[in-house]
Every structure is written in C-alpha cells, then in structure tokens.
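Q: First, the structure itself, so that you have it in front of you.
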Amino acid sequence: MSEVVRLSFSIEKALNGKLEELVRASRYKNRSEFIRDLIRSKLVETEWKKGEVAFGTITFIYDHHYRGLSDKLIELQHHHHSEILAATHVHLSHDLCAEVILVKGKASEIREMSDLIRQQKGVLHASLSMSSTGRKLQ
Ligand code: NI
C-alpha cells in the first residue's frame, strides 16, 4: 500500500452536513474513502477532457425490431473497432436487447461512439462509464 498522508481542511458547516449526508447515503465506511473516490472521479474526468487513453464500458438497451437499427449498431461498432476490446449481447425479452461494450482508447473517440449509439432511434437507454487508476493508462 502506498504511503498515506493525513489531511486537515476547513469547510462551511452546512457543506459538511451535506458531506455527512452523502457519506451516509452511500456505502462508504467513512469520509476518507468517500473523498478518495471523489478525487479519483475528478482525475478520470480531467483525463477524459484532455483526450488521454481511457477505459470503460458503454451499456445500452434497444428494440431490435426497429428497422435497420441492428445493422446500424454493428456498423457503428466496426467504425470504432480499434477502441473495442469486447462486446456482449443479451436478449432481454422478445423485443429488447442489451449490449455491453468494453472500450479502451482515446476518450474523444469513445465518447463519440457512445453519443452515436445513444442518438439512434430505437435505442432506449445508453450509458457510458469510465474508469481509471488516476495514473495514465496506455
Ligand atoms: Ni438480442
């Protein structure tokens, strides 16, 4: 485990109340864990903004009966084949399919792929999740 530094900082009482609420509502054991994850999230966000290499998943649900949609989704993924590590398809019901795409690559390319999937008619929901250690991924 890396060296741990003990910090002390000041915030307004009301803001501290909000922090306590957030920690209680989450599953974190304490404020330190909560703040550590908050910092990591901010680092990931910054990395994505700078267009560095990112790792994540795109999860989406769609109606496979929607005309031309399945072909369009395959075409989109082939266009971004260099960012896709793996893809899983689940038949959720008679009409609905879910896919999870594991991605790694330039953040802007991954975001573009996720936005394009989300914008297709017949796609009911799409979410992009990003992850990082806080160090540069290559
Ligand atoms: Ni299916």
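The values are calculated or read from the model by the stated rules, or taken from the named source; none is laboratory data. Because the structure is predicted, anything quoted here is derived from the model rather than measured. Ligands, DNA and RNA are excluded from the accessible area calculation, which covers all protein heavy atoms including side chains. Shrake-Rupley method; radii C 1.70, N 1.55, O 1.52, S 1.80 Å.
Q: Quantify, in whole percent, the carbon and sulfur part of the accessible surface of the range 1-82 (1.4 Å probe; protein heavy atoms only). If you can, show how the numbers build up before the last one.
A: On the way: 3620 of 6670 Å².
C and S fraction of accessible area: 54 percent.
Q: Could you pull out the pairs from Lys13/Lys42; Lys18/Lys106; Lys72/Lys104; Lys18/Lys49; Lys29/Lys106; Lys18/Lys104 whose alpha carbons sit more than 30 Å apart here?
A: Numbers: Lys13/Lys42 23 Å; Lys18/Lys106 35 Å; Lys72/Lys104 21 Å; Lys18/Lys49 27 Å; Lys29/Lys106 34 Å; Lys18/Lys104 35 Å.
Beyond 30 Å between Cα atoms: Lys18/Lys106; Lys29/Lys106; Lys18/Lys104.
Q: By what distance, in whole Å, do the Cα atoms of the chain stretch along each of the three principal axes, largest value first?
A: Projected onto the principal axes, the Cα atoms of the chain cover 57, 33, 25 Å.
Q: Still on this structure, please answer the following. Please work out the average accessible area per residue across the range 68-138, using the 1.4 Å probe convention, and give it in Å². Let's see the in-between values first.
A: Values: 4490 Å² over 71 residues.
So the range 68-138 comes to 63 Å² accessible per residue, rounded to a whole number.
Q: Can you give the helix-only mean residue ellipticity at 222 nm for the chain, where every DSSP H stretch with n ≥ 4 adds -39500 (n - 2.57) and the sum goes over all residues, rounded to the nearest 500 deg cm²/dmol?
A: Working: 4 runs with 56 residues, N = 138.
Dividing the helical sum by the residues of the chain leaves -13000 deg cm²/dmol.
Q: By how many degrees, between 0 and 90 and to the nearest 10, does the Cα long axis of helix 31-49 differ from the longest principal axis of the chain?
A: 50 degrees
Q: Given axes a ≥ b ≥ c from the Cα gyration tensor, I'd like to know whether the range 53-131 is rounded (a/c under 1.5), prolate (a/b larger than b/c) or oblate.
A: Details: a/c = 1.99, a/b = 1.70, b/c = 1.17.
Note, shape of the range 53-131 comes out prolate.
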